[in-house]
1. Dipole size in debye (nearest 20) for the chain around its Cα centre, Lys and Arg Cβ +1, Asp and Glu Cβ -1?
2. Gaussian network model of the chain, Cα springs within a sub-10 Å range: biggest mean-square fluctuation belongs to which of L85, L323, L73?
3. Pull up the cross-link candidates among the lysines for K197, meaning alpha carbon to alpha carbon under 29 Å and not fewer than 8 places away within one chain.
4. Send over a whole-number figure in Å² for the accessible area per residue of the chain, probe 1.4 Å.
5. Restricting the count to DSSP beta bridges whose residues both fall in the chain, what percent are antiparallel, rounded to a multiple of 5?
6. Note down the net charge around N230, summing +1 for each Lys or Arg and -1 for each Asp or Glu among other residues with Cβ under 15 Å from its Cβ.
7. Which value in deg cm²/dmol, rounded to the nearest 500, describes the helix-derived mean residue ellipticity at 222 nm for the chain, given -39,500 (n - 2.57) per DSSP H run of n ≥ 4 and division by the residue count?
8. Roughly to the nearest percent, how much of the accessible area of segment 1-141 is carbon and sulfur, given a 1.4 Å probe?
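The values are calculated or read from the model by the stated rules, or taken from the named source; none is laboratory data. Here the structure is a predicted model, which is why all the values come from computation and not from measurement. Every residue, glycine as well, gets a Cβ built from its backbone with ideal geometry; the counts of neighbours run over all protein chains shown. Only protein heavy atoms, including side chains, enter the accessible area calculation; ligands, DNA and RNA are left aside. Shrake-Rupley method; radii C 1.70, N 1.55, O 1.52, S 1.80 Å.
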Amino acid sequence: MSARNRGIALIVAGILLVAALVAWWFHGMHRVSEWVDMPVRGEATWNRLYPLQKALRASGRSAQSRRRLQLELTPLGERDTVVMLQDTLGLQADETYDLLDWVEGGGHLVVALPQGDADLNRDGSEPTLTEILRVQRRKRGDDDDIDDCLRFSAPGVAKAESLFCYDQRFDLSQGAPVFGLRDPAGGWVMARIAHGKGSVDVLSSLQLVQRNAVESPVSAWLTAQLLAPNDGHGSFHLIYEPGLPSLWMVIGRKGWMAWAPALLALVAWLWWRTQRIGPLLPGHVRQRRSLIEHVTASGELLWRFRRGDLLYQAVRARFIAKLRRRDPIAATQPDALQAEMIAATTGVSVAIVQRALQAPPTGDAHALRERIALLIDLGKQL
């Protein structure tokens, strides 16, 4: 076979191989769609009522979210609706009564049963919102099935769902509510209490209106019932930050049984390890023969008794003695001429030499150090 025919055969074989691979790919592979839950971003990360806000706005309703109630900054309308994740135990007394006055005028309030410890949030002098409405939280020991879930099926939804799992139930002291949901084992999980022209919905928890329950048909139906009283008349105010007590307050009031003994143990250890005032036995005094230590101590003693001039005079006398050995003629000259001759020999200015040969003022430590340093430097340059 010629080279030309062999090249054509290789090209044809390559084309057939590529065609076979393409045919195998389309025969064995097919397109598949897969849904992947992406992590939440932006406002949805901190606003647990963000899906509810988006749903209300998408349906043409006016809805706004904020971290706290703040009635003085954002007044409520007569027919508005407030969904509040903030624990009612965290409200001040004036906020509680202002909120109830607004409900009495026609507002609708949706709150959860207080989940915190009242001792950590208030001093007990003023009743809470739920206490004013005569809502009594059941204790854990009152019912054997207090931790069971409530099975509920909404109208038009075939499959029942479990709601209010591990949530406390409550009782009402003022009769049956306008609208509610009761656990067959005992206790209410949802109750609408009439208050003046408005109403207050109290729930064991508000999980059904939060971010994780948006895809539940049963939760969606119950949420629509919660928002129904003033729907179409006013705005919706979504308060999404819970008013929890600070960590330091919890540690200070409830954790004293742990930190108080630890603090006492720390104080005892510090007392045991701390050096006492004075040694138990006198220390052994070693003989000290270092000349520089004696010189330093002598200089410190003279300065302490304001005799720094003796230190300067000693250094100046040493400089003059060296000057007599190096330049006897300059050593016998008057001060002005002597300074000029020393400046010519050492190469420094006459003013510096005159300042070095002039005694410093009494008590001026800076001037004393300067004069002594200048005399030592001049002596090295002689």
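1. Working: 45 positive and 40 negative charges, 671 e Å.
I would put it at about 3220 debye.
2. Maximum among the listed residues: L323.
3. K54
4. Details: 25020 Å² over 382 residues.
Using a 1.4 Å probe on heavy atoms only, each residue of the chain averages 66 Å².
5. Approximately 50 percent, going by the DSSP bridge assignments.
6. Details: positive: R61, R79, R192, K197; negative: E78, D80, E104, D201, D231.
Local charge sum for N230: -1.
7. On the way: 14 runs with 165 residues, N = 382.
It lands at -13500 deg cm²/dmol.
8. Working: 5270 of 9440 Å².
Ligands and nucleic acids excluded, carbon and sulfur reach 56 percent.
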